[in-house]
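Novice: Structure in structure tokens, see below.
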Amino acid sequence: MCGKRLILLAASLLLATTWGCSSSMDSGGDDTVADDLREKIAASGFVGVDRCIDCHLDFSWSAEIVYAYLEGAHVIHSKSINAASDAYCLDCHDPIGDGQLAEVFDELIDPNDVPDEGLAAVTCEACHGTGVEHYGIGPMPNPVPDYEVCGECHNEEYPHDNPEGAAIVEKYEESAHIEADGRNEARCVKCHNDEGGRLYKNVRTAAQLYGSVVAIDGEVSPIQCRTCHDSHNAGKLLLDAYEIELEEFSGLEFDVSAEYATCSNCHQPH
């Protein structure tokens, strides 16, 4: 994976100096497909995912996020969902209609993951809001999208093929997680609010917790989607799977899944 990302970084630097050199160019050198899409997107008040990617690949703090996003399920849905899908599907899977602009960065996306009909993707502005006044200095409408933004698609109105994936936001709103924002004491923030959960995710023991965790400045938010799920790399959880060795059982090793690691990060006696 490291080698792949070094190659991708080199490709992105090359793209930064040769913008527009993509397979969608016509014989006159005009990127007609992308230009037509940009015109439609601009008319709707958005800047387009290619602008977001082009800029954020230049920053060390966000380049890794871009790569994670391009590998995640918000971009790589399936071959059955594409730019030619019906409006009911695209309303969530490509709400802005700029998924195909990611093809301008074809060096950054595996061609095998791009359907012949064109890519459908949940792009940056679908969750963060329009970037027309952003460009590194202006505000984004949703700099840190909350569960209500996720719930615009992950709800009972738009059920997925997987029954467990339906009505996610409704189930969350009925759970105790939504009420977990009232405790901002130093020893409670890791498990009782979103900000602490993400900030102190690698604090594993009671000694570490009591010795290093402090209350979060300002208002805190309830445990929610972004607390346990990597919202940029959709499908990835707060913690990775890992291997553990039990010395008391003669060095027996077994795998801990990402799901167990993430849930038990709080749901265990500390």
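The values are calculated or read from the model by the stated rules, or taken from the named source; none is laboratory data. Model, not experiment: these values are computed from the prediction. Every residue, glycine among them, receives a Cβ derived from its backbone with ideal geometry; neighbour counts consider all protein chains shown. To get the accessible areas, we keep the full protein, side chains included, count just its heavy atoms, and leave off ligands, DNA and RNA. Shrake-Rupley method; radii C 1.70, N 1.55, O 1.52, S 1.80 Å.
Novice: Tally up the residues in the stretch 88-137 that are closer than 18 Å to Ser44 by Cβ and either open to solvent by 10 Å² or more (accessible area, probe 1.4 Å) or touching a residue at least 60 places away in the same chain (Cβ under 8 Å) (or both), please.
Specialist: Matching residues across the stretch 88-137 total 26.
Novice: If you scan the stretch 224-237, which residues turn out to be buried (at least 19 other Cβ atoms within 10 Å of the Cβ) and touching a Ser or Thr at 6+ places or on another chain (Cβ under 9 Å)?
Specialist: Residues satisfying the conditions are Cys225, Thr227, Cys228.
Novice: Also, quick follow-up: Any idea which of Tyr242, Tyr172, Tyr200, Tyr260 is under 25 Å from Ala73 (Cβ atoms), open to solvent by less than 70 Å² (accessible area, probe 1.4 Å) and among the aromatic types (Phe, Trp, Tyr)?
Specialist: Tyr172
Novice: Then there is this: What are the pairs with Cβ atoms under 8 angstrom where one residue, in the stretch 176-196, is under 14 Å from Asn265 (Cβ atoms) and in contact (Cβ under 8 Å) with a residue 24 or more places away in the chain and the other, located anywhere, is assigned to a loop (DSSP other than H, G, I, E, B) and aromatic (Phe, Trp, Tyr)? Sequence gap at least six, or different chains.
Specialist: So the pair list comes out as Val189/Tyr200; Lys190/Tyr200.
Novice: Okay, next question. Can you say whether Glu152 is outside any helix (DSSP H, G or I) and closer than 24 Å to Ala87 by Cα, as far as the supplied structure shows?
Specialist: Yes; evaluated as a whole, the condition is true for this residue.
Novice: Between a residue in the stretch 46-60 that is at positive phi and buried (at least 17 other Cβ atoms within 10 Å of the Cβ) and any residue that is in a helix (DSSP H, G or I) and among the basic types (Lys, Arg), which pairs come within a Cβ distance under 7 Å, given they are 6 or more apart or on different chains?
Specialist: From the stretch 46-60, the pairs are Gly48/Arg38.
Novice: Go through (1) among the hydroxyl-bearing types (Ser, Thr, Tyr); (2) farther than 30 Å from Glu125 by Cβ; (3) in contact with a Gly (Cβ under 7 Å, 6 or more places away or on another chain) for Ser212 and report which single condition fails.
Specialist: (3)
Novice: Next question. Of a type in the set (A, V, I, L, M) and closer than 29 Å to Arg51 by Cβ, is that true of Val144?
Specialist: The answer is yes for Val144.
Novice: Looking at (1) surrounded by fewer than 17 Cβ atoms within 10 Å (Cβ to Cβ); (2) touching a residue at least 12 places away in the same chain (Cβ under 8 Å); (3) out of contact with any helix residue (DSSP H, G or I) (no Cβ under 8 Å at 6 or more places or on another chain), which is the only condition His74 fails?
Specialist: (1)
Novice: List the helices (runs of 4 or more DSSP H) inside the stretch 33-97, counting only whole elements, that have at least 1 residues being among the small types (Gly, Ala, Ser).
Specialist: Hits in the stretch 33-97: 60-71, 87-93.
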